[in-house]
Amino acid sequence: MNPVTLRIRDVRLFERHVTLRLPFRFGAATVTQCPQAFVQVRAEVNGQAVEGSSAELMVPKWFDKSPGLTHEQNFEQLREALRNARMAALATADPLSPYAHAQTAGESAIKVSVARGLPRLVAQFGTALLDKAIADAALRAAGLSWVDGLAAGVLGDPWSPQLQLARPNSVVLRHTVGLADRLTDDEPGNDPQDGLPATLESAIRHYGLHHFKLKLSGQIAADIERITRIGEVLQRMARDYRVTLDGNETFTDATSLGRFWHTLRTTPALADMLKRTLLLEQPLARVVALNESIASLGIEVPVILDESDDHTTALDEGLALGYNGISSKACKGIYRSLRNAHRIAQDPRLLLSGEDLTCQAGLAVQQDTLLAASLGVTHIERNGHHYVDGFGTAPEEEALAFAAAHAGFYETSAERPHLAVREGQLDLRSLHVPGFATAAMPQWRSLQPIV
């Protein structure tokens, strides 16, 4: 099948306020509220109108961790990236494949954003959302699901036809343990009293969890003490568990990272957890991560990049410095994930992981989950369902529509639709529908326009 070519007719940008039920602390940031961005693309394919959509949470202090910026300034950076991506897409008059749109309008928008002072990871946010929405429109025009559309070459990218794509029925959920999360039920703290788990212990009981992602602070003594406490809970409640460690750029250089790893390796109480550790994610700040080798640090688990993935050669640069893989996140771009998956497929020693930016119920979590799982990721960090109460501030009508369209992926608990986590897994069968992982749409009139 030839790629679908689309002429972009309109791009609408929206946002919705999201309030977290629990504070999410990672690195030096604690998030209690932020907007979720939505994109609606209206296009024309062979004279027929078609629409596509996407969404991502606008998380502060991840895309740009500059301490001098407020959360609101971080939000405005992401809005600016979206506006620049919209302007570039609307300036493209010719019908192009989704990938060609990304290579032309998308790259143009990134250059404009960077020239205006936005970091590349911020600049990519706008084009990443446009790319997802355009892909959704193209798949709907072809009447194909995400996996079938990739295999048929609908997007026009060079990697999809060469990948051994999966059509997964399920994926293991990897539960985030943030730096502010309460670990045990008797630990003092605020419980939102909403019928959902508020501690690590209660989350394990409620969801049947066995895979976990542990946030690090970069403070060696504090990190060792906390993950030792977490290990005690997991050993008692999760038994045959697995963990990943997320440095979130909190280590300033390879020397400090080496000291941390030596301390972890020589702490007897952590010996069992170390055997169950699957990877270490982006421990070094991006300003140094691709300038210092970590090959001689003796880290026994794969070390992968995340925030450093702000340019197309990041993975190759990392491999030369001792890294073993990279994360897939839709907020960095679907074509980045496809390219990296293709590179990793050539070497069985390398790793593609699935990570989260608190993907919210609806478009964001559905698209990001299926993207990673279709590329062979077998366990994926999902945390939006833990830090936000289901569909949050979305209208009840919207939440019920998604729950009805994707029965199995959602369930009704505490009288509201929530992500359905059963025995630590997500049921993906309902996501294999025409379009990019969704048979429902946001209630657009309930959203606030980004002008």
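The values are calculated or read from the model by the stated rules, or taken from the named source; none is laboratory data. Just so we're clear, the structure is a prediction, and the values are computed from it rather than from any experiment. Note that we place each Cβ from the backbone using ideal geometry, even for glycine, and neighbour counts take in every protein chain shown.
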**Asked** Tell me, which residue of region 64-79 that is touching a residue at least 24 places away in the same chain (Cβ under 8 Å) and touching a Pro at 6+ places or on another chain (Cβ under 7 Å) is farthest from T32 (Cα to Cα)?
**Response** D64
**Fill in**
Wholly inside region 249-294, helices (runs of 4 or more DSSP H) that include 1 or more residues that are surrounded by 18 or more Cβ atoms within 10 Å (Cβ to Cβ) and of a type in the set (D, E, K, R) are 286-289
**Message:** Return the residues of region 180-197 that are over 14 Å from S413 (Cβ atoms) and among the small types (G, A, S); say none if nothing qualifies.
**Reply:** A180, G189
**Prompt:** In region 406-451, what residues are over 24 Å from D136 (Cβ atoms), among the β-branched types (V, I, T) and within 22 Å of the chain's Cα centre (by Cα)?
**Reply:** V421
**Item:** Of the criteria (1) over 26 Å from N340 (Cβ atoms); (2) surrounded by 22 or more Cβ atoms within 10 Å (Cβ to Cβ); (3) touching a helix residue (DSSP H, G or I) at 6+ places or on another chain (Cβ under 9 Å), which one A399 fails
**Value:** (3)
**Complete:** Selection over region 107-127 where residues are of a type outside the set (S, T, N, Q) and without any contact (Cβ under 8 Å) to a residue 40 or more places away in the chain yields a count of 9
**Prompt:** Can you tell me which of V31, V11, V50 is within 19 Å of A123 (Cα to Cα), in a strand (DSSP E or B) and either in the same structural domain as G126 (by TED's automatic domain parsing) or under 20 Å from the mean Cα position of the chain (by Cα) (or both)?
**Reply:** V11
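Per-residue answers, yes or no, for (1) under 20 Å from L129 (Cα atoms); (2) without any contact (Cβ under 8 Å) to a residue 12 or more places away in the chain; (3) surrounded by fewer than 19 Cβ atoms within 10 Å (Cβ to Cβ); (4) out of contact with any His (no Cβ under 8 Å at 6 or more places or on another chain):
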residue	(1), (2), (3), (4)
P23	no, no, yes, yes
A28	no, no, yes, yes
Q33	no, no, yes, no
A55	yes, no, no, yes
V59	yes, no, no, yes
**Request:** Could you check I204 against (1) within 23 Å of the chain's Cα centre (by Cα); (2) assigned to a loop (DSSP other than H, G, I, E, B) and say which number it fails?
**Result:** (2)
**Request:** Name the residue, out of L150, L121, L179, L78, that is surrounded by 17 or more Cβ atoms within 10 Å (Cβ to Cβ), part of a loop (DSSP other than H, G, I, E, B) and at negative phi.
**Result:** L179
